[in-house]
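Everything below concerns the one structure shown next.
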């Protein structure tokens, strides 16, 4: 019996597809890559996943994991592999208001979770741009950050426990230091099936300051002033501000959870938030649909920003943590390498929050490759998950 | 704005009533945009409520429902029509409603929706 026939016995027929239409659609995620898949499986519980992975391990079938399909570096793009879509594992299992934690399945959408938590005065505070579509499993796999990273950090700061199915099909409960191995592992070592997440109280108050800047010195001065008080520090360059219909200039928008901001009126705050949340949309609608996420030490920002300005690309970012989103047109994809080389020269990271995926593997150092391979050997020795171009 | 502007961000899925129930990318607006770009014509384009919630969230401001209507017109011209669609049109012509003959106090046996 082949892999597909065995899988069909585990999940019902409606939860596995080899239709031509599905194969076309599931060859993509939000990156510009196109892959190829043999078929797609929608497991409904961890027992099904264990059985599926055991067979895949035995039959040497490659599996590509998929959450919301919002990754920007091709992590969910299959390469002649089977897509395991976790969307149907979307239950919130427990909300504990005494100890402020939640237990969720991997396919729960981030905003769905926060909508539930809001009713109980709680919040999972990591907020990537794709918060309305991305899944909890996806943001753990990429160790997502987002707009409030300056205060709340990355997903890894909010994990208590993970349930994972490794490459052998074994169930593993991950706690303590080992959490950092799986958080940000981009689906290479196992399937994250369930997570226990730490929560904070929901935000009661927001104020904002919006500064027009004349130069990078003013930007650095403002970052220094606000860094310990703000929950978000968003930079917008001249080009992006013109796409947003603002007076073209460099801006810094600082968000606070107390009275520190100059703007306190709810309507004015909401207006600025709408502009800020609309940046990605404005750039995409002006054909700058390729987004990158380099990160440097905050002190290196003036050098990086000056070079990006010379490249003539619209950019914005979470400057409190040194992360800049530089946008390119689809026909300019080749120019991204120049940016990454510059970032590495500055001692920065080519990815601050989107991950390495398939697009950035050539920039990994030998040390990083060795680290990945040592964990592969431990958790996925037969390489069921993911494609590593150097292997 | 045309479909060439679709960057497959997936924001169109947020409130799509079809996707939220079926959880299939192929039935989502993003899936349909991928199929459109590949020039694949299929009855899957009938599985859309034309509610435009996808357009509310599309950063590229693509008129997704208009694109789907155009494809439906082409499908009909190519005789690719669902049985439910044919029956619904027949019922509207014959009885003035999509459900067929409705007996007083009784729920229609077959419910069709545009």
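Anything in region B:48-66 that is crowded, with 17+ Cβ neighbours inside 10 Å and within 11 Å of chain A (Cβ to nearest Cβ)? List them, or say none.
Of everything in region B:48-66, those that are crowded, with 17+ Cβ neighbours inside 10 Å and within 11 Å of chain A (Cβ to nearest Cβ) turn out to be B:57, B:58, B:59, B:60, B:62.
With within 19 Å of residue A:211 (Cα to Cα), outside any helix (DSSP H, G or I) and out of contact with any strand residue (DSSP E or B) (no Cβ under 8 Å at 6 or more places or on another chain) as the only criterion, which of A:245, A:317 stands out?
Details: A:317 fails: out of contact with any strand residue (DSSP E or B) (no Cβ under 8 Å at 6 or more places or on another chain).
None of the others qualify; the one that does is A:245.
Could you tell me which of the residues A:23, A:62 is facing chain B (nearest Cβ under 10 Å), touching a residue at least 12 places away in the same chain (Cβ under 8 Å), surrounded by fewer than 23 Cβ atoms within 10 Å (Cβ to Cβ) and under 26 Å from residue A:354 (Cα atoms)?
Answer to the selection: A:23.
Kindly evaluate residue A:219 against the criterion of being at pLDDT 95 or above, away from every other protein chain (no Cβ under 14 Å), in a strand (DSSP E or B) and surrounded by fewer than 24 Cβ atoms within 10 Å (Cβ to Cβ). Talk me through it step by step, then tell me what you get.
Values: at pLDDT 95 or above: yes; away from every other protein chain (no Cβ under 14 Å): yes; in a strand (DSSP E or B): no; surrounded by fewer than 24 Cβ atoms within 10 Å (Cβ to Cβ): yes.
The answer is no for residue A:219.
Being closer than 30 Å to residue A:82 by Cβ and more than 22 Å from the chain's Cα centre (by Cα): is that true of residue A:351 here? Give the derivation first.
On the way: closer than 30 Å to residue A:82 by Cβ: yes; more than 22 Å from the chain's Cα centre (by Cα): no.
Against the criterion (closer than 30 Å to residue A:82 by Cβ and more than 22 Å from the chain's Cα centre (by Cα)), residue A:351 does not qualify.
Yes/no matrix, rows are residues, columns are (1) crowded, with 17+ Cβ neighbours inside 10 Å; (2) within 21 Å of residue A:203 (Cβ to Cβ):
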| site | (1), (2) |
| --- | --- |
| A:252 | yes, yes |
| A:285 | yes, no |
| A:288 | yes, no |
| A:321 | yes, yes |
| A:324 | yes, no |
| A:363 | no, no |
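Within region A:71-89, is there a residue that is within 14 Å of chain B (Cβ to nearest Cβ), part of a helix (DSSP H, G or I), more than 23 Å from the chain's Cα centre (by Cα) and within 17 Å of residue B:30 (Cα to Cα)?
no
Results for (1) surrounded by fewer than 23 Cβ atoms within 10 Å (Cβ to Cβ); (2) at pLDDT 95 or above, shown as yes or no for each residue.
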site	(1), (2)
A:151	yes, no
A:172	yes, yes
A:182	no, yes
A:192	no, yes
A:202	yes, no
A:209	yes, yes
A:215	yes, yes
A:227	yes, no
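Just to be sure before I move on: is residue A:260 away from chain B (no Cβ under 14 Å), farther than 17 Å from residue A:146 by Cα and surrounded by 14 or more Cβ atoms within 10 Å (Cβ to Cβ) in the structure I sent? Show your work before the answer.
Details: away from chain B (no Cβ under 14 Å): yes; farther than 17 Å from residue A:146 by Cα: yes; surrounded by 14 or more Cβ atoms within 10 Å (Cβ to Cβ): yes.
Answer is yes for this residue.
Which of the residues that make up region B:20-43 are under 16 Å from residue B:62 (Cβ atoms), facing chain A (nearest Cβ under 9 Å) and part of a helix (DSSP H, G or I)?
B:30, B:31, B:32, B:34, B:35
Quick check on region A:292-306. Is at least one of its residues within 29 Å of residue B:62 (Cβ to Cβ), surrounded by 15 or more Cβ atoms within 10 Å (Cβ to Cβ) and within 14 Å of another protein chain (Cβ to nearest Cβ)?
yes
Going through A:282, A:254 one at a time, which residue ends up being touching a helix residue (DSSP H, G or I) at 6+ places or on another chain (Cβ under 6 Å) and away from chain B (no Cβ under 14 Å)?
Numbers: A:282 fails: away from chain B (no Cβ under 14 Å).
That would be A:254, the only listed residue that is touching a helix residue (DSSP H, G or I) at 6+ places or on another chain (Cβ under 6 Å) and away from chain B (no Cβ under 14 Å).
The values are calculated or read from the model by the stated rules, or taken from the named source; none is laboratory data. Everything quoted here is computed from the prediction, not taken from an experiment. Please note: Cβ atoms are built from the backbone with ideal geometry, for glycine as well, and neighbour counts cover all protein chains shown.
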